[in-house]
Every structure is written in structure tokens, then in C-alpha cells.
Amino acid sequence: MSEAKKLYIKTYGCQMNVYDSERMAEALGPNGYVTVDSPDEADMILLNTCHIREKAAEKVYSELGRLRGLKTKRPDLKIGVAGCVAQAEGAEIMLRQPMVDLVVGPQSYHRLPELEAKAGRGQKALDTDFPEEDKFAELAARPKAKRGPTAFLTVQEGCDKFCAFCVVPYTRGAEVSRPVDRVLTEARDLVSRGVREITLLGQNVNAYHGEGPDGRDWGLARLVYALAEIDGLARIRFTTSHPNDMDDALIAALGDCDKLMPYLHLPVQAGSDRILKRMNRSHTRDSYFRVVERIRAARPDIALSGDFIVGFPEETDADFAETMDLVRQVNYAACFSFKYSSRPGTPAAERGGQVDPEVASARLIELQTLLNAQQLAFMKGMVGREVGVLFEKAGRHPGQMVGKSDYLHAVHVTAEGLAPGTLARVRIIDAGANSLAGVLV
Ligand code: SAH
Ligand code: SF4
Ligand code: F3S
């Protein structure tokens, strides 16, 4: 047998890209590739890219610029661009950076073997179609290798919501849900390989409506209950949810499914109805408050996180004050906040009313100061409490293990001989800015 070729994948962007990178590595296995951790000796380098903000997309071009040196030294090296920048810019990438051999959009990853072969023959390989066939079905073959205790599993992809600022509906395409039996099969396989926690992924994961074994559409709640039946699977999470798709069944599941973790990412983006409307968010400030109230009634110990955009076109000081007020009222455990970035092809990019960048920066600092304070207060509030921790790996100090709490905090515990994959009760004894320390109960 000829020596295996080396594949290096660099992943940017969201968790779905992490999942996709694993699938791409698997898809290229039959072409003779094994993955490696460094670009230096790779035969092929794939950048799995993100287009969500200008900075994210520009990173790709600076990385390609750096890779030019490698390619000059080793002309046989193949360079590919996958992910959302590939989908958004297509052939444009090869024009801007002619040493790129392969460009593939997220809906065409099952075609990677042919694209790689084409690139191997010295031809440019490009595929940014939205094919009819089921990508996931064709990506389904899995090696049986052992793996770590946590895994992502994409159950829904794409978005039909068209928020005015967002590229995702264009880069990922229309909402598609995978059939229930496929999801269950993949989950059982992950568990048989050592996985104890699965995070279900979707751009609008709670809009999931996959075909069930009974031929009917199942919602996310039903899927979660079916997953919870799998022996050995200890924890289930899902992300990202849209406020409008938090139906009664899912809220009830948060309340009564023990394996579902008490942590929910529920982006709101802004606190002013005027801006929410211009963002085409299709929910109001008040409807968001009501959803949060229902969720907290069903699961009082739930921790909420969110996403915010400041400086959206026409955002005034008064609008921003309403965002700050919403944050104070909801009280988040963690949050991600961004300065609005105008994205080509989105409705908001065509409009006027751009906010002065300095004003937007000042708002971002003000918002992040509040969000950081809430996050720290939540972490300090963990001290003295008992939580579940799923241990993942050894820590930096001798005898130390690191894991994730029910609330996704990194937790350090001194516990000699504890195996990765162990789920244990831990009493939190100290809280830092980014992690907690605890002792086994
Ligand atoms: N529903 C999606 C959201 C993806 S984008 C999901 O599955 O996660 C993640 C976050 O990026 C959004 O919630 C939003 O806060 C932010 N974002 C999206 N487009 C943006 C833009 N043009 N400028 C700044 N932030 C943006
Ligand atoms: Fe983007 Fe809005 Fe869809 Fe989320 S719901 S992916 S922010 S368009
Ligand atoms: Fe980025 Fe695409 Fe994810 S734009 S956030 S990689 S869906």
C-alpha cells in the first residue's frame, strides 16, 4: 500500500464547522488521507471558513497569503477552501488567490472525493451547488475509532429566517432536517465509541422537524426524548435556538428530561422593537421576555446565554438603552456580542443609516462590561453549589482533571485516576474569570 497522504484542516466559525471538518476528513479517507495536526508536512490543507462578519472572512485571505510560501516550496501541496466563504465567494477566491486548487461549499462535502481527485490531476476543482441528493446520507460511513466524551451532531442545517444582517441563509441554504432514524443511528454509533455528551446542532435547531419512523414529522422535543433512551448517553444539549421556535413541547422537555442540560443559548440580538423589526427578527422584546419566563417556569435552574449585535443601522442611543435594559432584566450566564458588520448580499447592507464606528465601539464596550459582570456573578454564585461535571482530560497540574459542568463551565478537580468520560458530582469551591475549581462529592 502506498503511504497515506496527510490532510490538515483548519476550522473557523461555528460548531457546525467543527462537525463538518470531521465529516470532510472522513470523506477523504478513501482517497488515502489521514489527518495531521500541522500544516507543515501536509499534502493537502483545507480551510473550513466562516463568512459571518467581515473580520472572519478576511482571516481566510490572510491565512491564504501565509500559505503561499509553503506552496512555493512544495508545488504538489493542494490548498482547498471549504465552508461559508467558499459558498459566498466561489470562483472569486481562485481569482484573488490563484494558488487555491479546490473550493467547496457546505452542501457539497460528499463530493469531496471527486473534487480532490480533480485537483490531484492539476485541474481547478469548484463546487458550490445546492445539490438535490442527501449530503448527510452520503457522508454517513464512519470509521469505528474511539473518540472523546463529547461530540457534535448536526440534525438541522440552513435557515429560512433571513435576519436582515445575516449571511447564513445564503451560505447554508434552506432549512433541512435530517430524518430521526439517521440521527439516532449516528448518536448510537458515537456512544459506542465513548461519547457521553452530544450537542445537537442546527442554525435553527429548535425548528427541527425531521421525518420520524412513523412517517410523521417529529419536533426537537420528541427527538430529544428518543435520544435520552440511549444507554450510556448521559447528556444532551442543543444549539442554536430561535425564540420563535421554543414551543411548549420543547419547554416541557427542558423541565422533565434529566439528560437535557439546564443551559440554553437563546439569541435576541437587540432589545428595541424598532431595531428588532428592522433586523427582521420576527419576534419582539416582549415576546422574548415571555419565552424566557416560560422556560424559567419549566426549569428554574436554567442558565441562559445569548448573542447581541450593537450598531445595527439606525440604532440610536435610546434603542441601545433598551438593549442594556433587556440584558439587566434577563440576567445572562454567558453572552456573545458583536459590532454590526455589513455583509455583501444581505438586505441591511443595502440600507443607509450606518452607525458611526466609534459610537458602535463605545456601545460594545458598555454592553460587554455589563455582560461580563453578569457572567462573573453567575460563576461566583456557583461557589458552594453541587453540579454534575463530565471529565474530559488531564489538567495542567499533577493529578488534576478538567471537565465541563452542566452549565458548560470548565471545572478543575484534583482527582487521581479519574478516567476521561467520567460523570461525577462536584462541589464548587472557587470561581475564577474563566473556570471553576471543585472537589468530588
Ligand atoms: N442562528 C445562528 C446564528 C449564527 S450567527 C446560529 O445557529 O448560531 C451567530 C451570531 O453572529 C448571531 O447570533 C449574531 O449575533 C452574529 N451575527 C450574525 N451576522 C452578523 C453581522 N452581520 N454582524 C455582526 N454580528 C453578526
Ligand atoms: Fe442568521 Fe437569523 Fe438565521 Fe440565525 S436566525 S442564522 S441570525 S438569519
Ligand atoms: Fe460562520 Fe457559516 Fe457558521 S458563516 S457562523 S461558519 S454557518
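The values are calculated or read from the model by the stated rules, or taken from the named source; none is laboratory data. Bear in mind the structure is a predicted one, so any value in this text is a computation, not a measurement. Note: ideal-geometry Cβ built from the backbone for every residue, glycine included; neighbour counts use all protein chains shown. Please note that ligands, DNA and RNA were not included when accessible areas were found on the heavy atoms of the full protein model with its side chains. Shrake-Rupley method; radii C 1.70, N 1.55, O 1.52, S 1.80 Å.
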Need the failing condition index for residue 64 against (1) open to solvent by less than 10 Å² (accessible area, probe 1.4 Å); (2) within 16 Å of ligand 3 (Cβ to nearest atom); (3) assigned to a helix (DSSP H, G or I), just the number. (2)
When you check residue 369 against the structure, is it more than 28 Å from residue 236 (Cβ to Cβ), more than 13 Å from ligand 1 (Cβ to nearest atom), in the same structural domain as residue 273 (by TED's automatic domain parsing) and among the hydroxyl-bearing types (Ser, Thr, Tyr), yes or no? yes
Out of segment 375-387, which residues are in a helix (DSSP H, G or I) and either surrounded by 17 or more Cβ atoms within 10 Å (Cβ to Cβ) or hydrophobic (A, V, I, L, M, F, W, C) (or both)? 375, 376, 377, 378, 379
When you go through 164, 226, 174 one by one, which is the residue that is in contact (Cβ under 8 Å) with a residue 12 or more places away in the chain and away from ligand 2 (no atom under 16 Å from the Cβ)? 226
Scan segment 77-84 and tell me whether some residue there is open to solvent by 10 Å² or more (accessible area, probe 1.4 Å), free of Cβ contacts under 8 Å to residues at least 40 places away in the same chain, away from ligand 1 (no atom under 16 Å from the Cβ) and not assigned by TED's automatic domain parsing to the domain that holds residue 147. no
Does residue 217 qualify as being touching a His at 6+ places or on another chain (Cβ under 6 Å) and either within 16 Å of ligand 3 (Cβ to nearest atom) or outside the structural domain of residue 49 (by TED's automatic domain parsing) (or both)? yes
Name the residues in segment 46-61 that are within 23 Å of residue 119 (Cα to Cα), part of a helix (DSSP H, G or I) and touching a Phe, Trp or Tyr at 6+ places or on another chain (Cβ under 8 Å), would you? 60
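Conditions (1) in contact (Cβ under 8 Å) with a residue 60 or more places away in the chain; (2) over 21 Å from residue 306 (Cβ atoms), marked per residue:
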{"residue": "347", "(1), (2)": "yes, yes"}
{"residue": "350", "(1), (2)": "no, yes"}
{"residue": "363", "(1), (2)": "no, no"}
{"residue": "373", "(1), (2)": "no, no"}
{"residue": "376", "(1), (2)": "no, no"}
{"residue": "379", "(1), (2)": "no, no"}
{"residue": "387", "(1), (2)": "no, yes"}
Yes or no: segment 13-33 includes at least one residue that is assigned to a strand (DSSP E or B), within 23 Å of the chain's Cα centre (by Cα), more than 18 Å from residue 101 (Cβ to Cβ) and not aromatic (Phe, Trp, Tyr). no
Within segment 208-236, the residues that are open to solvent by 20 Å² or more (accessible area, probe 1.4 Å), under 25 Å from residue 168 (Cβ atoms) and not acidic (Asp, Glu) are 209, 218, 219
